[in-house]
Amino acid sequence: YSRRDPHTVYQPRTGVPVESLRGAEVLAASREPGRGAGRGAVRVIIPPLDQPGYDTMTPERQREVHDRFDREREQLAREILERQLQVVLVTPMTTPEFVALMRLLRQFGGAIVTARGGANSHGAIVGREMNVSVLVGAGPAVFEQLQPDMEVTVEANIGRVFKGLLLIDPNMGENVDT
């Protein structure tokens, strides 16, 4: 809500025009719509706690998994910055370790899609606060539907991920009166 007017909700100023959605193939969906739109090539990052068998790993193996996770995040951040990439990050769920990537995704027009989560999850709350397009709760099948390097458009306003790079209108979703 706006501090000036508690009846005005400020949303990210992006969206996909309805004309661009006609005939577009829906790859994934969520019942928890977010805000805004983003597009880019899919990148998948799995946090350590979501790795299969994490609980039964030795402490040394767990440290290796955490180190690999840190390297993957750093490598993706470098790639986004160096190539000014638009990226759609697909992950089971975001955690505070993703905040630096979220800033970069906002800067370059990317988005995040999570398999789990709802309106009060980390990704949804931080996405709203940072004006990052985040679609939460797309389900575990999202990892089969969205493959690495696939080009997609996330229209979080309606909770959908579309195949291909659709036009994003930077002036949509201005202030919405409640």
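The values are calculated or read from the model by the stated rules, or taken from the named source; none is laboratory data. The shown structure was predicted, so the numbers you read here are calculated from the model rather than taken from an experiment. Heads up, the Cβs are rebuilt from the backbone with ideal geometry, glycines too, and the neighbour counts pull from every protein chain shown. Quick note on the areas: whole protein, heavy atoms, side chains included, nothing else; ligands and nucleic acids left out. Shrake-Rupley method; radii C 1.70, N 1.55, O 1.52, S 1.80 Å.
Give, as a single signed number, the net charge of other residues whose beta carbon lies under 13 Å from the beta carbon of residue 29, with Lys and Arg counted +1 and Asp and Glu -1. Could the numbers behind the result be given before it?
Values: positive: 31, 160, 163; negative: 25, 32, 155.
Spelling it out: positives minus negatives among the neighbours equals 0.
The listed residues 105, 166 rank as 166, 105 when sorted by accessible area, largest first, using a 1.4 Å probe. Using the 1.4 Å probe convention, the accessible area of the chain works out to 55 Å² per residue with neighbouring protein chains retained. Rounded to the nearest 500, the helix-only mean residue ellipticity at 222 nm of the chain stands at -8500 deg cm²/dmol, with each DSSP H run of n ≥ 4 adding -39,500 (n - 2.57).
Label-to-label distance, residue 99 versus residue 21, with points set 7 angstrom from Cα along the beta-carbon direction: 3.3 nm. Straightening the chain between residue 64 and residue 163 buys 32.2 nm, computed as 0.36 nm per residue apart minus the Cα-Cα spacing. Count Lys and Arg as plus one, Asp and Glu as minus one, and take only other residues whose Cβ is under 13 Å from that of residue 135; the net charge is then +4.
I'd like the FRET efficiency for residue 77 and residue 144, computed as 1/(1 + (r/R0)^6) with the beta carbon distance as r and R0 of 30 Å, rounded to 0.05. Numbers along the way, then the final one.
Numbers: r = 26 Å, r/R0 = 0.86.
Calculated value: 0.70.
Round to the nearest 10 and give me the degree value, 0 to 90, for the angle of helix 99-108's Cα axis relative to the longest principal axis of the chain. That helix lies at roughly 40 degrees to the long axis.
Would you work out the charge dipole size for the chain about its Cα centre, treating the Cβ of every Lys and Arg as +1 and the Cβ of every Asp and Glu as -1, and quote it to the nearest 20 debye?
On the way: 21 positive and 23 negative charges, 62 e Å.
Result for the chain is approximately 300 debye, rounded to the nearest 20.
So for each of 123-133, 68-78 I average, over its residues, the number of other beta carbons within 10 Å; can you give me the resulting order with the highest mean first?
Values: 123-133: 20.4, 68-78: 14.1.
Per-residue mean Cβ counts within 10 Å order the peptides as 123-133, 68-78.
Of the peptides 106-113, 93-100, the ranking by mean beta-carbon count within 10 Å, highest at the top, reads 106-113, 93-100. With the biggest extent put first, the Cα atoms of the chain measure 53, 38, 33 Å across the principal axes. How much of the accessible area of segment 21-115, in percent, comes from carbon and sulfur atoms when a 1.4 Å probe is used? Reported share for carbon and sulfur atoms: 47 percent.
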